[in-house]
Structure formats: structure tokens, C-alpha cells
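Shown next, in C-alpha cells, is the structure this report addresses.
Read the figures in this text as sums done on the coordinates, not as results from a lab. All values derive from a computational prediction rather than experimental measurement. Cβ coordinates were reconstructed from backbone atoms using ideal geometry, including for glycine residues, and neighbour counts include every protein chain displayed.
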Amino acid sequence: MGSLSEFSLPVRLFLKGYRWRRIDPVPWADLPRPVTRCRVALITTAALVPPGGEPFDGSVLGGDVSYRVIAGDADVATLQESHPSNSFDHGPLRQDANLGLPLDRLRELAADGVVGSVAPRHLSFQGSITAPGRLMKRTAPEAARLLVADAVDVALLVPV
């Protein structure tokens, strides 16, 4: 785990003054069946975009709360990273998008029978959303409906 000292002074000051939200109790749902029979989707905050897709807009005050759909059979090597944050090293993610959306690893788990199946669609969001109200009220329910329509049992969040 990193420490605040790794960040620039402006980022440290922002993080110290940010009003973090606490959800209590943490929502929880038991799996409907063993994970070996579950359909799994990935949700990333790496701002990955499929080829020809619209990049995330780094100029939106409070953060771009839209999302991009990544097909379950997408070639991860073709995904483009468009995260506007300068608070992390983008190099490794640009070299291997599996760091932000481990879709190739999920396919291997499904092939080995560790998980039941790979969802037909996965979601990519932009992290560093400092004003999450629009995300929680509009975008998250829409994204959840998409996962329900795909009969997803487990959604794994991959934060970046």
C-alpha cells in the first residue's frame, strides 16, 4: 500500500481535505450459486475505451461519470487508456490493459472451471470522480441494469 508522501503536494492537500463518504453498513449479497457456476463481469476505473470509442472527458468538473462497454470477447491489447489523472504512472497500464481489466485472466479462470462463465459485456469507468452524485443517481443504476440484463452473478471492481 502506498502512502500520501508518494503524491505531489497539491494531490496530498486535496486528499486531506476531501470529504470521503462512508457507507455503513456495507451492502452485501450472498452468491446465488457456487462461483464455479457464476457468470462474472469486470468493472474497471481505468478509463479503458474500445477501438474507435469515445475517450473519457478529463475536462468535466467532478469527473466524467459515463462508462464504456467492453465486449466479453474484446482483444484487451486493443483497448485505449484515457484516464486524466496524473496521480499514477500510466505506463504499465498502457503496456498491458489486463492490469486494469484482467479480461484475459478471467477467460483463463473460466476455461479452467474456476468461474462459470465470462459475461458478454464489461464496464469501464473513469476513476478519480470527485463529485460522485451524478454517478450514484444516474450512471450506476443504468450500469447495474446492464449487468442484470446479462445475468451477471458476480461483478468484480478493478480500481486503478
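Here are a few things to note about the model shown:
- Each Lys and Arg contributes +1 and each Asp and Glu -1, all at the Cβ; summed about the Cα centre of the chain, the dipole is approximately 680 debye.
- Listed by Cβ neighbour count within 10 Å, with the fewest neighbours leading, Arg37, Arg22 appear as Arg22, Arg37.
- Backbone geometry of region 11-17 corresponds, through the Karplus equation with coefficients 6.51, -1.76 and 1.60 at θ = phi - 60°, to 3J(HN,Hα) couplings of 5, 4, 5, 4, 5, 5, x Hz, x marking Gly and Pro.
- Evaluated over the Cα positions of the chain, the convex hull gives a direction-averaged projected area, one quarter of its surface, of 10.5 nm².
- Region 75-100 and region 106-121: distance between their alpha carbon centers, rounded to Å: 22 Å
- For Ser117, the residues 5 or more places off, or on other chains, whose built amide H falls under 5 Å of its own are Cys38, Arg39, Val40.
- Dipole orientation for the chain: of the candidates Gly116, Val154, Pro25, Pro25 has the Cα lying most toward the positive pole (charges on Cβ; Lys, Arg +1; Asp, Glu -1).
- Extreme residue, positive dipole direction of the chain, given options Pro50, Leu9, Pro102 (C-beta unit charges): Leu9
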